[in-house]
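Engineer: Quick one: the structure is below, and I'll ask about it shortly.
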Amino acid sequence: MASKDPLKCLIIGSGPAGYTAAVYASRANLEPVLYTGHEPGGQLMITNDVENYPGYPDGIMGPQMMEDFRKQAERFGTDVRNEFISKVEFSAEGGVHKAWTEAGEELSAHTVVISTGASAKWLGLESETRLRDNGGGVSACAVCDGFFYRNQTVAIVGAGDTAAEEATYLAKLCKKVHMLVRRDVMRASKIMQDRVLKTENIEVHWDSSAEEVLGDEGVTGVRVVNNKTGAKSEIAVTGFFVAIGHKPNTDIFKGQLDMDETGYLITKADRTLTNIDGVFASGDAQDHVYRQAVTAAGTGCMAALDAERYLAAKGII
Ligand code: NDP
């Protein structure tokens, strides 16, 4: 069933970008409707203490922070719906855009703000999931959580630029960093590799994969298997970081919006405009460089302002 009048602003996604877009859009009378997706709150829901978001001098739990974001958006009238948008049909001529919920409801909107975020990739080990979900010391974000492991020994898995950057970051805080690289080469750029190899308290374990994260309530170590020899060993660590890449949640936009080879949406330089008029992208769905809650919130704000200006220019508001 199609809704009668097109929405002025449809927001897809409920992380810091989506809720910030909602706060701005609702205060500008765009009467936004926000669809949360399957994981309301996004990546912050699996983060414990957030200590680097300005305005929270004592830090805040990720889920609480997202609850506060949601309340703030609702206070100004955002219609937040706990549903997933599974299909979109954007109008290349700048007309009305269409979207469908998973339940099959058809929506139309003059502007769409995309804030569908990205998901960290995980190894898929049972012990990794358990010690991540109970806050036991498994993390996919060194910048967020490294601080909790000051002067401790940690492990990090991955060999790309992110892993290299995060290993170097952790090395500044931690006593020792064990870096597990599954092949005998690193994918990271030469300069990043050099930085890793020159850092005294990073030990690179080549051809090595994590077989199990050890510990019941909290991480106590990692069992490592050598992929060439099959030899197994255990390393004592209190933190376990996974840095094997992120996947932007942009599959439903394929073929309609410009994206890079990984799926990150491409926006005009310093703006949130996509290749389709009236469709704006914000947060981790379009940012593979900074990926912070505060930068996502910033681009969410930009997207709402861009949507407002677009609607005004078209005489819709
Ligand atoms: P990448 O996809 O580049 O690298 C992922 C790494 O994780 C690879 O080394 C890969 O190993 C490894 N990996 C994947 N799956 C597993 C697994 N199951 N077990 C063990 N290891 C695994 O992702 P990044 O997040 O590092 O980078 C994404 C993009 O962002 C890149 O283009 C990168 O250059 C860019 N970037 C740039 C930065 C900068 O310039 N400052 C900083 C961070 C990112 P293998 O090599 O064996 O496939």
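Engineer: Restricting attention to region 240-262, report how many residues are open to solvent by less than 40 Å² (accessible area, probe 1.4 Å), of a type in the set (A, V, I, L, M) and away from the ligand (no atom under 15 Å from the Cβ).
Structural biologist: Counting residues in region 240-262 that are open to solvent by less than 40 Å² (accessible area, probe 1.4 Å), of a type in the set (A, V, I, L, M) and away from the ligand (no atom under 15 Å from the Cβ) gives 1.
Engineer: Scan region 197-219 and tell me whether some residue there is more than 13 Å from the ligand (Cβ to nearest atom), under 29 Å from residue 288 (Cβ atoms), surrounded by fewer than 16 Cβ atoms within 10 Å (Cβ to Cβ) and in contact (Cβ under 8 Å) with a residue 12 or more places away in the chain.
Structural biologist: Yes, region 197-219 has at least one match.
Engineer: Can you confirm whether region 149-156 contains a residue that is modelled with pLDDT under 95, within 11 Å of the ligand (Cβ to nearest atom) and within 30 Å of residue 13 (Cα to Cα)?
Structural biologist: Start the filter on region 149-156 by keeping residues that are modelled with pLDDT under 95, which leaves none.
Within region 149-156, not a single residue is modelled with pLDDT under 95, within 11 Å of the ligand (Cβ to nearest atom) and within 30 Å of residue 13 (Cα to Cα).
Engineer: Quick test for you: out of 102, 106, pick the one residue that is without any contact (Cβ under 8 Å) to a residue 40 or more places away in the chain, under 30 Å from residue 278 (Cβ atoms) and away from the ligand (no atom under 15 Å from the Cβ).
Structural biologist: On the way: 106 fails: without any contact (Cβ under 8 Å) to a residue 40 or more places away in the chain.
Step by step, each of 102, 106 is checked, and only 102 is without any contact (Cβ under 8 Å) to a residue 40 or more places away in the chain, under 30 Å from residue 278 (Cβ atoms) and away from the ligand (no atom under 15 Å from the Cβ).
Engineer: Then there's this: Please list, ordered by residue number, the helices (runs of 4 or more DSSP H) wholly in region 62-145 having 1 or more residues that are surrounded by fewer than 14 Cβ atoms within 10 Å (Cβ to Cβ). Write out each step before concluding.
Structural biologist: On the way: elements: 62-75, 126-133, 142-145.
Filter on region 62-145 gives 62-75, 126-133.
Engineer: Just to check your reading of the model, which residue among 186, 179 is within 15 Å of the ligand (Cβ to nearest atom), within 25 Å of the chain's Cα centre (by Cα), surrounded by 15 or more Cβ atoms within 10 Å (Cβ to Cβ) and more than 18 Å from residue 125 (Cβ to Cβ)?
Structural biologist: Details: 179 fails: more than 18 Å from residue 125 (Cβ to Cβ).
Exactly one residue qualifies, and that residue is 186.
Engineer: I would also like to ask the following. Go through region 146-156 and report how many residues are buried (at least 22 other Cβ atoms within 10 Å of the Cβ) and part of a strand (DSSP E or B).
Structural biologist: Restricting attention to region 146-156, the residues satisfying the condition of being buried (at least 22 other Cβ atoms within 10 Å of the Cβ) are 146, 149, 154-156.
Next cut, part of a strand (DSSP E or B) only: 154-156.
Selection size over region 146-156: 3.
Here is a yes/no grid of residues against (1) away from the ligand (no atom under 16 Å from the Cβ); (2) in contact with a helix residue (DSSP H, G or I) (Cβ under 8 Å, 6 or more places away or on another chain); (3) not assigned by TED's automatic domain parsing to the domain that holds residue 53:
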| position | (1), (2), (3) |
| --- | --- |
| 128 | no, no, yes |
| 138 | no, yes, yes |
| 145 | yes, no, yes |
| 191 | no, no, yes |
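Engineer: Follow-up question, since we're still on this one. Give all pairs with beta carbons closer than 7 Å in which a residue from region 121-137 that is basic (Lys, Arg) meets a residue that is in a helix (DSSP H, G or I) and more than 11 Å from the ligand (Cβ to nearest atom); count only pairs at least 6 apart in sequence or on separate chains.
Structural biologist: Within 7 Å, the pairs are 132/46.
Engineer: Within region 49-60, is there a residue that is open to solvent by 80 Å² or more (accessible area, probe 1.4 Å), without any contact (Cβ under 8 Å) to a residue 40 or more places away in the chain and more than 30 Å from residue 106 (Cβ to Cβ)?
Structural biologist: yes
Engineer: Continuing with this model, one more query. Would you pick out the residues in region 231-282 that are farther than 18 Å from residue 120 by Cβ and of a type in the set (Lys, Arg)?
Structural biologist: Within region 231-282, 232, 254, 268, 271 meet the criteria.
Engineer: Let me ask something additional. On the given criteria, is residue 237 open to solvent by less than 10 Å² (accessible area, probe 1.4 Å), over 17 Å from residue 14 (Cα atoms) and touching a Gly at 6+ places or on another chain (Cβ under 9 Å)?
Structural biologist: yes
Engineer: Show the residue pairs that are 6+ apart or on different chains and have beta-carbon atoms under 8 Å apart, the first residue being within region 287-313 and touching a residue at least 12 places away in the same chain (Cβ under 8 Å) and at positive phi, the second being within 16 Å of the ligand (Cβ to nearest atom) and part of a helix (DSSP H, G or I).
Structural biologist: Listed pairs, sorted by first residue: 291/284.
Engineer: Is there a residue in region 301-309 that is open to solvent by less than 40 Å² (accessible area, probe 1.4 Å) and either part of a strand (DSSP E or B) or at pLDDT below 95 (or both)?
Structural biologist: Of region 301-309, the ones open to solvent by less than 40 Å² (accessible area, probe 1.4 Å) are 301, 303-304, 306-307.
Now restrict to residues that are either part of a strand (DSSP E or B) or at pLDDT below 95 (or both): none.
No, region 301-309 contains no residue that is open to solvent by less than 40 Å² (accessible area, probe 1.4 Å) and either part of a strand (DSSP E or B) or at pLDDT below 95 (or both).
Engineer: Any residue at all in region 273-282 that's in a helix (DSSP H, G or I) and in contact (Cβ under 8 Å) with a residue 24 or more places away in the chain?
Structural biologist: No, region 273-282 has no match at all.
The values are calculated or read from the model by the stated rules, or taken from the named source; none is laboratory data. Treat the numbers as computed from the prediction; the structure is a model and nothing was measured. Please note: Cβ atoms are built from the backbone with ideal geometry, for glycine as well, and neighbour counts cover all protein chains shown. When the accessible area is computed, the model is the full protein with side chains, heavy atoms only, and any ligands, DNA or RNA have been set aside. Shrake-Rupley method; radii C 1.70, N 1.55, O 1.52, S 1.80 Å.
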